[in-house]
């Protein structure tokens, strides 16, 4: 399989880049499209469709095809994968039927391919990614090979989009179903955040609403460990500070911990809502503010993936949490460059609102502050 990455700041620039990429006889069949909500997703989808290219698309909080991070732009990975080796499915969420929607898509995909892997993007910040993954596991099995992310909207947190050729939704999902007997799909989710302090118990929670930790209000114990001051609703930067630097690390029986940053505070009882479920009685640890080691761990994790599972790749797709660039700023380029250099093949990536994948030795879960790297190779 041949792959090429293109990018641009307008529809006209993308049209020109596409034409240039095909000038040597390259005929892509599939486009993985990551773009800003400020771009014309319908227009871009239309001319890709007219060129006979299937579209798997998501809005983002930033996009890249190399170590140069772009904003308000379009980044596309073009693949000439055989059409009989993949299918694209899309569906709306109705009445929060996340699990049922995932089951419906996977049941259709099972009719096409015996061995399946998936790339997934979802829209709407309220979407329960864990319910979607549960639907995949119930239909395909616990070992289902799936990775993806939640769409962004340039940090507005208002309206996100996923789309394909003639369809788009601010409350739905798009999947690429891949025939694993023909396309090798290997990926890893890595966060790299270091834990601090002893394990603590979530003494009261409901779903993703964490009330108390060690019988203290969740906000109070978190800010105390972070040494944060000015803890009031008037501090508009408080949640960004906590989420980007002191997220909860939900401990698991196996595999790496799962990051659960607080996203919304209930000031009436100083509880907070996290990005995913935090079961009552579960164990958590707090995080140290990130440093260079965090990025190095991600690159080393991807290198181990290459050495252990995927010595060669045709293309790479990356879903990296928007919170990482808030934490690292310009240093984030170094992590992306490190990931790019592992295989040194065409790549596309986005900064997402959540990440879907499997950490080394862990379960398929929804993550935050995490980088998911997926390598593809057609047999």
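Just to verify a result, which residue in the range 233-255, among those that are touching a residue at least 24 places away in the same chain (Cβ under 8 Å) and assigned to a loop (DSSP other than H, G, I, E, B), is farthest from residue 277 (Cα to Cα)?
If we take residues in the range 233-255 being touching a residue at least 24 places away in the same chain (Cβ under 8 Å) and assigned to a loop (DSSP other than H, G, I, E, B), then 233 is farthest from residue 277 (Cα to Cα).
Report yes if some residue within the range 340-353 is assigned to a strand (DSSP E or B) and at pLDDT below 90; otherwise report no.
No: zero hits.
For the range 144-151, indicate whether the set of residues that are part of a helix (DSSP H, G or I) and either out of contact with any strand residue (DSSP E or B) (no Cβ under 7 Å at 6 or more places or on another chain) or on the phi < 0 side of the Ramachandran plot (or both) is non-empty.
No: zero hits.
Test of understanding: among 87, 137, 104, which residue is within 27 Å of residue 263 (Cβ to Cβ) and surrounded by fewer than 24 Cβ atoms within 10 Å (Cβ to Cβ)?
Within the list 87, 137, 104, the selection yields 137.
Right, residue 355: in contact (Cβ under 8 Å) with a residue 60 or more places away in the chain and farther than 22 Å from residue 58 by Cβ or not?
no
Answer yes if at least one residue in the range 172-186 is modelled with pLDDT under 95 and at negative phi, and no otherwise.
no
Kindly establish whether residue 272 is touching a residue at least 60 places away in the same chain (Cβ under 8 Å), crowded, with 22+ Cβ neighbours inside 10 Å and over 22 Å from residue 335 (Cβ atoms).
When the stated conditions are applied, residue 272 passes them.
Of the residues 44, 14, only one is surrounded by 22 or more Cβ atoms within 10 Å (Cβ to Cβ) and in contact (Cβ under 8 Å) with a residue 60 or more places away in the chain; which?
Checking each option against the conditions leaves just 14.
Buried (at least 16 other Cβ atoms within 10 Å of the Cβ), more than 30 Å from residue 99 (Cα to Cα), modelled with pLDDT of 90 or more and out of contact with any strand residue (DSSP E or B) (no Cβ under 8 Å at 6 or more places or on another chain) - does that describe any residue in the range 225-232?
Taking every residue of the range 225-232 in turn, none turns out to be buried (at least 16 other Cβ atoms within 10 Å of the Cβ), more than 30 Å from residue 99 (Cα to Cα), modelled with pLDDT of 90 or more and out of contact with any strand residue (DSSP E or B) (no Cβ under 8 Å at 6 or more places or on another chain).
Of all residues being under 24 Å from the mean Cα position of the chain (by Cα) and not in a strand (DSSP E or B) in the range 195-217, which is surrounded by the most Cβ atoms within 10 Å (Cβ to Cβ)? Just the residue, please.
Among those residues, the one meeting the criterion is 208.
For residue 192, indicate whether it is out of contact with any strand residue (DSSP E or B) (no Cβ under 6 Å at 6 or more places or on another chain), closer than 20 Å to residue 102 by Cα and buried (at least 16 other Cβ atoms within 10 Å of the Cβ).
no
The values are calculated or read from the model by the stated rules, or taken from the named source; none is laboratory data. Keep in mind the model is a prediction, meaning the values are calculated, not measured. Cβ: placed from backbone, ideal geometry, glycine included. Neighbour counts: every protein chain shown.
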